[in-house]
1. Just for segment 212-241: of the residues that are out of contact with any Pro (no Cβ under 9 Å at 6 or more places or on another chain), of a type in the set (D, E, K, R) and in a strand (DSSP E or B), which one is farthest from F146 (Cα to Cα)?
2. Could you tell me whether K130 is charged (D, E, K, R) and without any contact (Cβ under 8 Å) to a residue 12 or more places away in the chain?
3. Could you tell me whether D154 is surrounded by 14 or more Cβ atoms within 10 Å (Cβ to Cβ), modelled with pLDDT of 95 or more, of a type in the set (D, E, K, R) and within 30 Å of N97 (Cα to Cα)?
4. For segment 104-149, give me each residue that is basic (K, R) and in a loop (DSSP other than H, G, I, E, B).
5. What's the total number of residues in segment 58-77 that are buried (at least 22 other Cβ atoms within 10 Å of the Cβ), of a type in the set (A, V, I, L, M) and part of a loop (DSSP other than H, G, I, E, B)?
6. Inspect segment 195-203 for any residue being modelled with pLDDT under 95 and surrounded by fewer than 19 Cβ atoms within 10 Å (Cβ to Cβ) and give the result as yes or no.
7. Look through segment 17-44, keep the residues that are of a type in the set (D, E) and touching a strand residue (DSSP E or B) at 6+ places or on another chain (Cβ under 7 Å), and return whichever of them is nearest to F146 (Cα to Cα).
8. Would you point out which residue out of T80, T85 is surrounded by 15 or more Cβ atoms within 10 Å (Cβ to Cβ), out of contact with any His (no Cβ under 7 Å at 6 or more places or on another chain) and of a type in the set (S, T, Y)?
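The values are calculated or read from the model by the stated rules, or taken from the named source; none is laboratory data. Just so you know, these numbers come straight off a predicted model, no measurement behind them. Cβ placement follows ideal geometry from the backbone for every residue including glycine, while neighbour counts extend to all protein chains displayed.
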Amino acid sequence: MIISSWNVNGIRSVSRYGFFDWLHEFSPDIIGLQEIKAQKDQIPTSLLSSGYHLYSNSAERKGYSGVAMYSKIEPINVETKIGHTRFDSEGRFIKLNFKNFSVINVYIPNGGRDLSSMEYKLDLYDFFIKYLKNLKDENLILMGDFNVAHEEIDLARPKENEKNVMFTPSEREKLTNLINSGFIDTFRHLNKLGGFYTWWAYYRNLRERNIGWRIDYVFISKILEKNLKEAFILKDVKGSDHCPVGIDIKI
């Protein structure tokens, strides 16, 4: 089963770059999208004729945040809230529950270039980790944009960014805590090399020069380790400042 994740930075924008043609050809079983920046009635439905079901959670504020999932398998039920007022109002979470497993798609807040929203981000991580601990008996696949490069290997210029958002010690500690709550970082589990990134700023040809950050992840419950077959980063797929990531897993 192919399960993928992509921060599309606007689903209407990425659709102009062939997103739906790419998705039809790539044909994952499940894909989670972050930062769709659209209300439900603004999300294109062309894939629904190809056997996909569409589920979404839009922010109350129009043109902001939002997540969506396309799935070839119809879930038993769908959840869109974790009980955190601000987070839930921003459309940053969706969970599809299937018979033998669940998939969570999440878009963690950035924290602000000036760190103005850092307190919100750190508090949210603590709240979210507590939420996940209550799901410890589920076979979970957790994916999305976590807005943190975990280790020095996960960004091109770690020394220059030690005090910058997405790589401060406090943010990295939160991601460590999340992993330690019972998850495996699938890509790092199978690939110990550097130079693999999922986000590049839009200036100075940073993507072409591969000066980026790995801030998009697919985590799985430790109990699913033996089921993991492959983890990938599709760096050549464009249309957003992020690229798709994903796994091949036996469920």
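1. Residue satisfying both the conditions and the ranking: K229.
2. On the way: charged (D, E, K, R): yes; without any contact (Cβ under 8 Å) to a residue 12 or more places away in the chain: yes.
For K130, the condition - charged (D, E, K, R) and without any contact (Cβ under 8 Å) to a residue 12 or more places away in the chain - is met.
3. Working: surrounded by 14 or more Cβ atoms within 10 Å (Cβ to Cβ): yes; modelled with pLDDT of 95 or more: yes; of a type in the set (D, E, K, R): yes; within 30 Å of N97 (Cα to Cα): no.
Considered against the rule, which asks whether it is surrounded by 14 or more Cβ atoms within 10 Å (Cβ to Cβ), modelled with pLDDT of 95 or more, of a type in the set (D, E, K, R) and within 30 Å of N97 (Cα to Cα), D154 comes out as no.
4. From segment 104-149, those basic (K, R) are 113, 121, 130, 133, 136; that's our starting set.
Answer for segment 104-149, where residues must be basic (K, R) and in a loop (DSSP other than H, G, I, E, B): R113, K136.
5. Within segment 58-77, the subset buried (at least 22 other Cβ atoms within 10 Å of the Cβ) is 58, 66-70.
Those left that are additionally of a type in the set (A, V, I, L, M): 67-69.
Those still in the list that are part of a loop (DSSP other than H, G, I, E, B) too: none.
Result for segment 58-77: 0.
6. Taking segment 195-203 as the starting set, the residues that turn out to be modelled with pLDDT under 95 are 202-203.
Okay, now just the ones that are also surrounded by fewer than 19 Cβ atoms within 10 Å (Cβ to Cβ), so 202-203.
Checked segment 195-203: at least one residue is modelled with pLDDT under 95 and surrounded by fewer than 19 Cβ atoms within 10 Å (Cβ to Cβ).
7. Looking only at segment 17-44, we keep the residues that are of a type in the set (D, E), and these are 21, 25, 29, 35, 41.
Narrowing the set further to residues that are touching a strand residue (DSSP E or B) at 6+ places or on another chain (Cβ under 7 Å) leaves 29, 35.
Working: D29: 22, E35: 12 Å.
Ranking the qualifying residues of segment 17-44, first place goes to E35.
8. On the way: T85 fails: surrounded by 15 or more Cβ atoms within 10 Å (Cβ to Cβ).
Selected residue: T80, the only one of T80, T85 that is surrounded by 15 or more Cβ atoms within 10 Å (Cβ to Cβ), out of contact with any His (no Cβ under 7 Å at 6 or more places or on another chain) and of a type in the set (S, T, Y).
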